Amino acid sequence: MKSFLTALQFLTRIHLTEQRVWTDEDFGRAVVYFPLVGLLIGVILACINGAFGLFFSPLFTAVLTVAVWFFITGGLHADGYIDTADGLFSGRGRERMLEIMKDSRVGANGVIAFFFLAALKIVSLAELLQPWPLLIAVPAAARFAALVSIFKFPYAHSEGLGRAYAAHGPSRVLVKGCVAALVPSVLVGIFYVPVLVGAVMITVLADSYITARLGGVTGDTYGAVIEFTEMLLLVGAVFAAKLMTVYINGG
């Protein structure tokens, strides 16, 4: 239970304990619960989206839902997304890119990247007639895929959060994480499986690109890839829904 609460407090603004200091061991043990934290985020978003939808238009409901999404996560992943965009698209060498990512100042690349991230999430949710299954599935799937980032790709720095995760994570962490990641299928059904597979594929491709540019992944890129994966899953769902509509109408 402590490890789940650690993961919850680290990944969200939901603080059920007063723990302020974590050891590397605490972080390592907590990673297996990342998908369950994602599930909790998704259930909250689905409920909020449904409530907003009773009073507001689909677009305004989507705007409010995405705003709550960023609020719940405390902007943690979005901050990593912005920093990663500033670094990767700076046109500099590896060391300079890593320095830019550590800089607390936000550059033009980060602003532009975040704008399109938020816009695509909002528009995608507004386009979906029944977004609640995706709102449950996507955060959980993206946070399981984050375990692939942590345990299957090299860390770009000699020390840092990624080192702590990898050194102190439980044995067979991906297997245990996958079991946790399958829990959302109870709520949304078999439809969740392609979402989970898609999340892993997007994450592997994104991390492969990042590793080629930076020599590995970082704490910032963990968050960036989670956000990127969530966004592409939503866009992909809209695309799939449109194809299905065309197929049905054509048939």
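When the stretch 88-121 is filtered for residues that are open to solvent by 60 Å² or more (accessible area, probe 1.4 Å) and acidic (Asp, Glu), the ones remaining, listed by number, are Glu95, Glu99. All conditions in (1) modelled with pLDDT of 90 or more; (2) open to solvent by less than 10 Å² (accessible area, probe 1.4 Å); (3) touching a Phe, Trp or Tyr at 6+ places or on another chain (Cβ under 6 Å) hold for Pro139, with the sole exception of (3).
Scanning the stretch 234-246 for residues that are open to solvent by 20 Å² or more (accessible area, probe 1.4 Å), aliphatic (A, V, I, L, M) and in contact (Cβ under 8 Å) with a residue 12 or more places away in the chain returns Val235, Ala237, Val238, Ala241.
Residue by residue through the stretch 161-196, note down the ones that are modelled with pLDDT under 80 and either in a helix (DSSP H, G or I) or farther than 22 Å from Gly223 by Cα (or both). Don't jump to the end; show me each part of the working.
Start the filter on the stretch 161-196 by keeping residues that are modelled with pLDDT under 80, which leaves 161-173.
Selection gives Leu161, Gly162, Arg163, Ala164, Tyr165, Ala166, Ala167, His168, Ser171, Arg172, Val173.
Put simply, of Ala126, Ala78, Ala62, Ala85 the only residue that is at pLDDT 90 or above, surrounded by 13 or more Cβ atoms within 10 Å (Cβ to Cβ) and in contact with a Pro (Cβ under 7 Å, 6 or more places away or on another chain) is Ala126. Within the stretch 213-227, the set of residues being open to solvent by 10 Å² or more (accessible area, probe 1.4 Å) and either acidic (Asp, Glu) or outside any helix (DSSP H, G or I) (or both) comprises Gly215, Asp220. Close Cβ contacts (under 9 Å, 6 or more residues apart or on different chains) running from residues in the stretch 106-122 that are closer than 8 Å to Ala85 by Cβ and of a type in the set (Phe, Trp, Tyr) to residues that are open to solvent by less than 60 Å² (accessible area, probe 1.4 Å) and part of a helix (DSSP H, G or I) comprise Phe114/Ala78; Phe114/Tyr81; Phe114/Ile82; Phe114/Ala85; Phe114/Glu227.
The values are calculated or read from the model by the stated rules, or taken from the named source; none is laboratory data. Predicted, not measured: the structure shown is a model, and the values here were computed from it. All Cβ positions, even for glycine, are placed from backbone atoms using ideal geometry, and neighbour counts span all protein chains on display. When the accessible area is computed, the model is the full protein with side chains, heavy atoms only, and any ligands, DNA or RNA have been set aside. Shrake-Rupley method; radii C 1.70, N 1.55, O 1.52, S 1.80 Å.
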